Each structure stands twice: as structure tokens, then as C-alpha cells.
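The values are calculated or read from the model by the stated rules, or taken from the named source; none is laboratory data. Given the structure is predicted, the values throughout are model-derived calculations rather than measurements. Glycine gets a Cβ as well: all are built from the backbone with ideal geometry, and neighbour counts include every protein chain shown.
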Amino acid sequence: MSKFLLLVSIAAVLILGIFTGCQPEQQKVTVLGVWGGSELDVFNKIIKAFQDKTGITVEFESTRDINTVMVSRLQAGNPPDIAILPQLSLLVDMAKQKKLQDLSTLLDMNELKKSYSQSWIDLGSVNGKFYGLFFKTAIKGLVYYDPEVFKKEGLSVPKTWDELMALSHKLVAEGKTPWAIGIESGSATGWPATDWIENIFVRLYGAQKYRDWYEGKLAWTSDEVKKAWQLFGDIATNNKMVYGGRNGVLSTSFQNAGDPVFSSPPKAYMLQQASFMAGMLKDHFPDLKPITQLNFFILPPINPQYSAVEIGGDVLAAFKSTPEVKSFLTYLASADAQAYFAKTGATMPNKNVPQSAYETEIDKRFAKILTSANTIVFDASDMMPSEVNSQFWSATVSYIQDPTKLDELLGKLENLRKTAYK
Amino acid sequence: MNLFQIALALVFMAGIPIFLVLYLLVAEKLAAGRAKKRKRKSLLPWLWLAPAFVLILVFLIYPLINTTVLSFMNKDSTRFVGLENYRFVFTNDSMLTALRNNLLWVVFFTLVTATVGLVLAVLMDRVRYESVAKAIIFLPACISFVAAGVIWRFMYTYQPKGAAQIGTVNAILTAIFPNFQPQAWLFNPIFNNWALIVVGIWIWTGFALVIFSASLKGIPPELLEAARIDGAGEIKIFFKIILPLMSQTIIVVVTYFIINVLKIFDIIYVMTNGNLGTEVIANRMYKEMFTFTNFGHAGAIAIFLLLAVIPVMVMNVKRFRRERSG
């Protein structure tokens, strides 16, 4: 019997130990994000600089599937302190569920406005409250080309959409393939096509209509939306316009899409992608000389009265309002912290990041586009509710597979719009 | 802090078995003290089973009830919406595609995998290098679905005609038939579902083969010999002796496949994510739950999936009972 009592008391001690075992207290911020590889290396440098300055530890948790992890952790009542979100729709969802901290209570807004233009703050606001701090961004709607090839073949950079299409048709007439497009991207397949359509839309109808569109106030079956799809389709669904034809567009991953443009001899002439593509192209073709062999122009205007730059990017959201979170967010918003990412070719929203922080000429040009833009619009599909975004992606896939289905696809998106915005 | 977490994990790992042993000891002591001998005998099994019941309650029954409740609520579970989510399951375009595809999977995947597995088992039974051949066919079963999906995405890679075909399938076909037009296997709605089902078959055939082969070895050789002496041909022996004797195993394997294939997810998620008419129920459930955070839709799909599996399970349990009594 005494043996038995002994066992029971051991168990009791063990169990008590589990529940009262106190964790050593320390100043700490937990961050959840999608970064890995080189992006994570840079972020770790930022974390280190912050730790050296303040003594606060930052724990970064990386996941490729941030939606899943975010949803389950919110359900479990265990969100991270800060999340770095690649899609604004997730921010909007969580803001509406009142899970997020109003950043204007965490950050010194007067200070922030000295380095962040109002459009960034507006983009990161939901129902008038400031929830998302833009951090690392990429410019979309850039057309990469090889200036040497253009020169050799007597082609000039188009200034208008008509010139762009004239150039494309001229190349087709010569038996050449003007465009390289690849929209495959795992479970996000289709996004490069949505970028195309968005860039066309904003050039056709301007930022205000663009906003109506992603806010669900414009029907997918409207002439405006359809026109944007058709202009994209003129290129992407024309087997002679794109390398590999429609099947090539569908099955080429966006990372490899530019290869035909820069291979020698070139198999295509232009690639529309975001600013981060420059880095990928440099990785694929290390011998390419920037500016002379690898350069870009912005997708030309369609209606000259509308000029807007579309961007995508990562946005910071806070779930807790501890002093450590405040301190880390303030640091991340600073030009000091953002200069680290500027070195890698990302365009940073803080306008006080010095030009010298951008290392290559191409990166400097990206930064200039962003700081000199009159109107900045965010990737529309990433602003739509996630089910609309997802269906938009997959509708572009179906459209390229079978362009005759356009009306049916837009009809389905319109049905979804009617229920998804609530 | 990481040390603390590791320590905590260790305490739990050691703590749970210790706790269970102690629980049994205490329970038995208490039972011994209180009740009469006969009563104790009927009480003890329940005491022993209680921890398992608690686990089932927490991890199975409670989520089941909760999911059922959620399936009658709106997107963020704040309002009762009746059968609205079930209406979605049976009327939404993507869901209808998913239902059709799951049916396709259940019928063709199960049929082909079981048949091929059975034929291979019988044929391989007659060759000397049986174990090597079996091992080769079984290998894919050791790979995770996700890895298999990635491998097959490479195999199905499309390159335009004239370019180097880096996808195995197109490379082989263009090598054999120079006029063959390379196909985008995963992007052509005419055959992309079949291309996906082939991946499933590739993974699972080895599993079926191994089970069938084991069952085949259980058939007494004298029986087959007697049949041969009586003048039965090999095909007749297969249909009249081998097949009936293996029927139980076949039913088990088929049931297992049906249940698994109703839940098929990884291959589709990795290879097409349901684009171009390849959606399946489980992938749709995942999207509703984690991408769209629509708990109502996800709950209704989950319950539907559960209901779809139940008849198969009931059949299986019934057969199991018959076997034991007979």
C-alpha cells in the first residue's frame, strides 16, 4: 500500500509540475510570415539589428501556408504578435472580425506620415481604421525585354497600348513570337494572368473604377470588366502571340516564364511581370548585363488620362499591443530597417530609404517609379474576398484554356460577387 | 524557452503512460474496496475503457457535433442559416464538379487499382523473381502523395512542339511517334482528370498487389493441384477457385480504397488545385475552410463526406460480423 501511495504522490508532483511550471519571462515578439530563403536571411539581419539595439528577442515563424496557420491559430486563440501578410484580403477579413490592433494607437502617426505617403496608409486601412503597415512591395505591370535584341531588330519601346499591339502584330507577321507568359504557380496558379487583367483595367478606366471593381460594386459581366479580359485575351489566348501557345501559358511556371525572352537566340520578346522578376531573371541568366541586356518599361497607357502604378506586397498586422510590438513595428517602419530589403531589389514604401540603399540601376529605377507615381493601386485580386480572388485565378486558367467560355466564366464570377461581399 | 518546451514535451511523453498506469491501479483499488465481486467484474472493463472513451469523446464525438452545428451556421458561425450550406453542397458549380469527379475517382480508381493489383499478384506468383518485381511495384506506395504529385507534375510537363521535351510522358511519346503533338496533360479538360487518376493508381497498385499476394499464398496448393488434375484450365481455376477464396480480401481492399478515394486530396491539391474541372470534395473543403474561412460551407462538406462514407463502413462492419459468427 505504501508503494502505491508513493506512486500517486509522484504522479501528483509531476502533474503539478506541468501546470505550474513557469516559463522564464523575457521581452519577446513573435512574428508569423511566409518568408524563407534569401528573404528570410534579410529579415534575420533586421531582427538582429533590432535585438542589438533594444534587447528584445524576435521569434520568426515561417509558413508557406499562412492562411491555414492564421485561421487555426486565431481559432485556438493563439495568434502571433505580428503577422506579415502577403494578401490584403486576409487583413481585411481579420480586421472585420476585430482580431487586429489599430496601428494608429501603436505607432506615432505624425512620425510615420513623414516617411509614408498617405496612399500607403489608405491602402492599409479598413473602414477608416489603420490595420496594415506596408512593408515590402513589388511593382506590377512591368515589361521586361532585351534592349540589344530590340536594337538589332529595329524595334522601339512602345509608348502607347496601340504601339504595343502594333509591335506585337508586326512580330507575329514576321513569324516571331512577341510574348512570353507563364501563369502556373502551384495552388495560386492564375495570379500572373490576373495581374495582366488588373493592369489593363486600371489603364482603361482609372483608379476609381478599379476600386469599385475590387470592392464588389462593379459587375463582372459589365462591359468594362469584359473589355479588360478581352484585351488580355488578344495576347494570351492567341497561339501566335505567346510562346508555346495557350498550353504553354497554362503550364509554364511564372518563375521560368521569362526564359524564352533572354535565351539566345530569343524565342520571345517581352515578358510582363512584377519588379521581383528582375532578380529571378538575373539568377537564371547571370551573364545578362542590366540595362543594356535586361531592361523594362511600364506597360504603356491605354487611356492617356489614367496613369497608375499597380503594386503588390507584404503588409504587417499586429494582434497584440505590447510595448515590444510597438517598438518592433516602429523599427520596421523606419528607413534603417527598410534599407536592408532595398539592397535585395525590393521596393520599400518608406520614402526616406536613400537611393543609395538600392544597389543596382534597375532597382533604383523601380524605387523612382514608386516615389514619383501619382496614383498607386494595390493588386485588385488580392483585395477581393479570398473566394473571389481564388475563383478569379482559376477563371483566368479556364479562359486561356478555352477563350470562348469568357461569358460563362464572368457569369460565374458575377454570381459569386453577389454573395461574397457581405 | 525552447529547452522549456522540450522539457514539457518529455514530461508529457513520460507522464501520460505513468498517469494511465496509475489510473488503472487507483481504479482497481477503489473498485476492489467498494463493490461486491460480481458487480466488480462488470464494472472493471468500463474502468479500463474509460480513458479511451474520453479520448474518443474529445477528439471524435465533440468535433463531430461541433462540425454538425457549424454546418447549419453562416460563414463565421454567428447566425443560423438552416440548410443553406447543404444547398450549396448540391448546387454550387465547383461542388457539382467535385461530386462528379469523386464519383469518377471512386469507380475508376478502385476498379483499375484492384484489378491490376489482382492480376499482377496472380501473374507474379508464377515467376522466380517475384519478390523483386513486387518490390518495384510496391515502391510508389512508400512515397507520400505530395511527393508523388510533384514527381508526376514533372512527368506531365508540357513543352511546345520543337522544344526539348523535359516531361517524361511527352518525351517518350514524341520519341516513339515523331508526329505526336505534345499534350498539356494537366490542362486539357478532356483528359486531365484521367491524368490525375493515373497518379493515384500508380501509388496504390503496389499496396493492392501486396495484400492480394499474401492472400493468394494462403490458398492451399493442394486445392489448385487437385483442380489441375481434374483437368481445369488456369483461367477456370482463377475464376472458380482463386477468386472465390480471395473474395473476402478483395472486399476489404475495395472498401479501403473507396473510403480513401472519397477523401482524396493531396494529389489534386499539389497538381492542379482543382483548376479546369479537376476539383474534388476534400480539396473544396480545404479551400472553404482555410482559404475562404467559410466554416459553414466547410462544415457541410465535411458532414456530407462523412455521410457518404457511412454506408461503406456499415457494409464492412456487417460483413465482419457475419464472418465472425459464421
For residues that are among the aromatic types (Phe, Trp, Tyr) and surrounded by fewer than 16 Cβ atoms within 10 Å (Cβ to Cβ), scanning just the stretch B:165-188, find the one that is farthest from B:ASN273 (Cα to Cα).
B:PHE177
Given the conditions (1) within 14 Å of chain A (Cβ to nearest Cβ); (2) in contact with a Lys or Arg (Cβ under 7 Å, 6 or more places away or on another chain), which single one is not true for B:MET124?
(1)
Considering each of B:PHE72, B:PHE109 in turn, give the residue that is more than 12 Å from every other protein chain (Cβ to nearest Cβ) and touching a Leu at 6+ places or on another chain (Cβ under 8 Å).
B:PHE72
Single condition B:LEU209 does not satisfy, out of (1) away from chain A (no Cβ under 14 Å); (2) surrounded by fewer than 23 Cβ atoms within 10 Å (Cβ to Cβ):
(2)
Out of the residues in the stretch A:238-270 that are hydroxyl-bearing (Ser, Thr, Tyr) and within 13 Å of another protein chain (Cβ to nearest Cβ), state the one that is nearest to A:LYS176 (Cα to Cα).
A:TYR243
Per-region count, the stretch B:83-103, residues under 17 Å from B:VAL312 (Cβ atoms) and more than 15 Å from the chain's Cα centre (by Cα):
1
A:GLU61 is checked against (1) of a type in the set (Asp, Glu); (2) more than 18 Å from A:PRO323 (Cα to Cα); (3) modelled with pLDDT under 90 and fails just one. What number does that condition carry?
(3)
Can you name the number of the only condition in (1) farther than 20 Å from A:GLY312 by Cβ; (2) modelled with pLDDT under 95 that A:LYS226 fails?
(2)
Give me a count of the residues in the stretch B:259-276 that are surrounded by fewer than 21 Cβ atoms within 10 Å (Cβ to Cβ) and more than 14 Å from chain A (Cβ to nearest Cβ).
4
Which helices (runs of 4 or more DSSP H) sit wholly inside the stretch A:315-422 and have at least 1 residues that are hydroxyl-bearing (Ser, Thr, Tyr) and more than 14 Å from chain B (Cβ to nearest Cβ)?
A:323-333, A:335-342, A:361-372
Quickly run through the stretch A:346-392 and pick out the residues that are surrounded by 22 or more Cβ atoms within 10 Å (Cβ to Cβ), within 25 Å of A:ASN295 (Cα to Cα) and small (Gly, Ala, Ser).
A:ALA346, A:ALA367
Within the stretch B:123-151, the count of residues that are farther than 30 Å from A:GLN391 by Cα and either among the hydroxyl-bearing types (Ser, Thr, Tyr) or surrounded by fewer than 18 Cβ atoms within 10 Å (Cβ to Cβ) (or both) comes to 17
Six or more apart or on different chains, Cβ atoms under 7 Å: show the pairs whose first residue is in the stretch A:32-54 and farther than 17 Å from A:ASP81 by Cβ and whose second is among the hydroxyl-bearing types (Ser, Thr, Tyr) and outside any helix (DSSP H, G or I).
A:GLY36/A:SER62; A:SER38/A:THR344; A:LEU40/A:SER62; A:VAL42/A:THR344
Spot the failing condition for A:PHE43; the list is (1) surrounded by fewer than 17 Cβ atoms within 10 Å (Cβ to Cβ); (2) assigned to a helix (DSSP H, G or I), and only one is missed.
(1)
Count of the stretch A:56-106 residues which are more than 9 Å from chain B (Cβ to nearest Cβ), among the small types (Gly, Ala, Ser) and surrounded by fewer than 14 Cβ atoms within 10 Å (Cβ to Cβ):
2
Which members of the stretch B:33-86 meet the condition of being of a type in the set (S, T, N, Q) and either modelled with pLDDT of 90 or more or over 30 Å from B:PHE290 (Cβ atoms) (or both)?
B:SER42, B:ASN66, B:THR67, B:THR68, B:SER71, B:ASN74, B:ASN85
Being assigned to a loop (DSSP other than H, G, I, E, B), away from chain A (no Cβ under 14 Å) and over 13 Å from A:GLY248 (Cβ atoms) is the requirement here; does B:PRO178 meet it?
yes
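For the stretch A:101-190, which helices (runs of 4 or more DSSP H) that fit wholly inside it have 3 or more residues that are modelled with pLDDT of 90 or more?
A:109-115, A:147-152, A:161-173
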When the stretch A:225-237 is examined, which residues are found to be out of contact with any Pro (no Cβ under 7 Å at 6 or more places or on another chain) and surrounded by 17 or more Cβ atoms within 10 Å (Cβ to Cβ)?
A:VAL225, A:ALA228, A:TRP229, A:LEU231, A:PHE232, A:ILE235, A:ALA236
Scanning the stretch A:350-396 for residues that are more than 19 Å from the chain's Cα centre (by Cα) and farther than 27 Å from A:ASP336 by Cβ gives A:ASN374, A:ALA395
Where the second residue is surrounded by 10 or more Cβ atoms within 10 Å (Cβ to Cβ) and of a type in the set (Val, Ile, Thr) and the first is within 10 Å of chain A (Cβ to nearest Cβ) and lies in the stretch B:2-21, which pairs have Cβ atoms under 8 Å and are six or more apart or on separate chains?
B:LEU8/A:ILE18; B:VAL11/A:ILE18; B:PHE12/A:ILE18; B:GLY15/A:ILE15; B:GLY15/A:ILE18; B:ILE18/A:ILE10; B:PHE19/A:ILE15
Which residue out of B:ALA298, B:ALA308, B:ALA226 is assigned to a helix (DSSP H, G or I), without any contact (Cβ under 8 Å) to a residue 12 or more places away in the chain and of a type in the set (Gly, Ala, Ser)?
B:ALA226
Take residues that are touching a helix residue (DSSP H, G or I) at 6+ places or on another chain (Cβ under 7 Å), β-branched (Val, Ile, Thr) and crowded, with 16+ Cβ neighbours inside 10 Å and tell me which of the helices (runs of 4 or more DSSP H) falling wholly in the stretch B:2-115 contain 1 or more.
B:2-34, B:62-70, B:84-91, B:93-104
